[in-house]
Amino acid sequence: HLAAHEIPPSSFKVNKFTSVFQSIVESYGIAQYQEVNPAPFTLITFPFLFAVMFGDIGHGALMAAFATYLIVNEKKLGDRRPQLNEFIGTCFDGRYIILLMGCFSVFTGLIYNDFFAFPLELFGPSRWTFAANSRFACGIDNCADGSAGPPLAPYPVGFDPIWKHSQNGLVYFNSYKMKLSIVLGVTQMMGGICLSYVNARFFKESIDVWYVFVPQVLFMMSIFGYLVFLILLKWMTNYNSEGCLQYGGVGCDPPDIKAILINMFMSPGKLPPRLQMYNGQATVQVVLLLIALVSVPWMLFPKPFLLQARHNASKRGYKQLEQDRGANVDDSEGSIHANFDFGDTMVHQMIHTIEFVLGAVSNTASYLRLWALSLAHAQLSDVFMEKLLVASWRTGNVFLIAIGFSMWFGLTLGVLMGMESLSAFLHALRLHWVEFQNKFYNLHGSGRKFEPFDFALIQQNEQEVQSTPQK
């Protein structure tokens, strides 16, 4: 039974494949009735962000194989679920998400070109070579004049295998993964903000559309969307073009994107030539900075005043209705109008605005954990491979090779497949809860889960109460 003003509970149809993703979402909070459910998006984004931190073809294949075993034997293991130990039972409950995490890790490992830290030549040999007249490597199709230029036709899929053995390989991977983390983070956060628009439009909250969603989009896109634009522009710009190599000039040296963003705030309208990436850049950055500054008071002030105006209008209409009826009506609607407090609303909106502005910075920086954990995973794999497998193989001693392989296999399972996978899982969980879902999901904390009427459950609860010793 529900009162007229009471919000109904929420219920989503799930199956054995989607139930684990719905559980992950609801561990953060229960959706308000008819609110957007993040689980369908989490179905893809969660294993993908995990795989960004855990990218390795071999490790992903082991994880997918383990999940496949649990799925193939799910009927037998399901019958014995109460007897399974805690680790196997937890893995069995999450077998489908483990399968997806393994498959996505194989994909990202293919991009990173990592197979247990060994580079593979799946799509042909390296596109780089060493020329006799240069101490730098050059592209196999770009070495004629000894200029050490990059390959004109790069490696078709993923990273070139030669980067694993190059002296500046770590710098190259760091640069790519750090920028990729920012691009993925801003994209996912913008997706969360867009879902807040879906909620506001469905509930016909035009105030939330124009004075929450719009300024949030403008603020994010004017700063961090612009940052993503600079990253993509830098990736697509050929700083080894013939014009730059022959004549040099402005825009031929790759600029530091961090310096561009700092200069945008510290010296608006002034742009050193070394930081210029396109024509009119200084003017564009001033406009974007103004948009970001305007969006903060836009987000802060209008909504409380508009809510007060709406409250006053509805209160006047309620009193008129009361006079027409000639009776004193005291229901939930009247109490809702009477309990409106402009001061509390203003403080709440101020907190929400400050949280969003500061959170836009901290949440974007939080996605750098994708870069950090991916780097840690790759470096641990390299250390285990070089110090155990390769070092023991070079001895030529069968006994030492067996010991080295055993230690490498044990550490791979225990550290990389166990501890590292759990760490990546928890970090992906945090990114979805804090950086993604808090933009649109369970903002009012009023959601509650639907619990069907069940005689067996009632009887079980009564038995538990009766069995509890009375004090």
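Observations on the model:
- Over the chain: helical MRE at 222 nm, DSSP H runs n ≥ 4 each giving -39500 (n - 2.57), nearest 500: -19000 deg cm²/dmol
- Cα shape, region 358-471, gyration tensor, a/c 1.5 rule: oblate
- Surface composition of the chain: carbon and sulfur make up 64 percent of the accessible area, probe 1.4 Å.
- Sites matching chymotrypsin sites (Phe, Trp or Tyr not before Pro) across region 416-453 that sit in DSSP coil, with at most 13 neighbouring C-beta atoms within 10 Å: 450, 453
- Computed lengthening from residue 390 to residue 83, 0.36 nm per intervening residue step minus Cα-Cα distance: 106.4 nm
- Legend: translational diffusion of the chain by Stokes-Einstein, Rh = Kirkwood radius over C-alpha pairs, 10 °C, 1.306 mPa s; D = 59 µm²/s.
- Between region 25-103 and region 161-237, the alpha-carbon center distance in angstrom: 26
- Here each label is just a point 7 Å from Cα along the line to Cβ, and for residue 383 and residue 175 those points are 2.6 nm apart.
- Once backbone amide H atoms are built at 1.01 Å from N, residue 148 has no partners under 5 Å, excluding neighbours fewer than 5 places away on the same chain.
- Relative contact order for the chain: 23 percent, from Cα pairs under 8 Å spaced at least 6 residues apart, divided by residue count.
- Contact order, relative form, for region 1-160: 21 percent (alpha carbon pairs under 8 Å, 6 or more residues apart, mean separation divided by residue count).
- Heavy-atom accessible surface of the chain, averaged per residue, reaches 57 Å², computed with a 1.4 Å probe.
- Legend: distances between Cα atoms for 179/204; 13/439; 234/303; 177/439; pairs beyond 28 Å are 179/204; 234/303.
- Other-chain or far-sequence residues with amide H under 5 Å of residue 10's (modelled H): 448, 449, 450
- R0 of 22 Å, Cβ-Cβ distance residue 365-residue 23: FRET efficiency to nearest 0.05: 0.15
The values are calculated or read from the model by the stated rules, or taken from the named source; none is laboratory data. Everything numeric here is computed off the predicted structure, so don't read it as measured data. Glycine also receives a Cβ, built like all others from the backbone with ideal geometry; neighbour counts cover every protein chain displayed. Quick note on the areas: whole protein, heavy atoms, side chains included, nothing else; ligands and nucleic acids left out. Shrake-Rupley method; radii C 1.70, N 1.55, O 1.52, S 1.80 Å.
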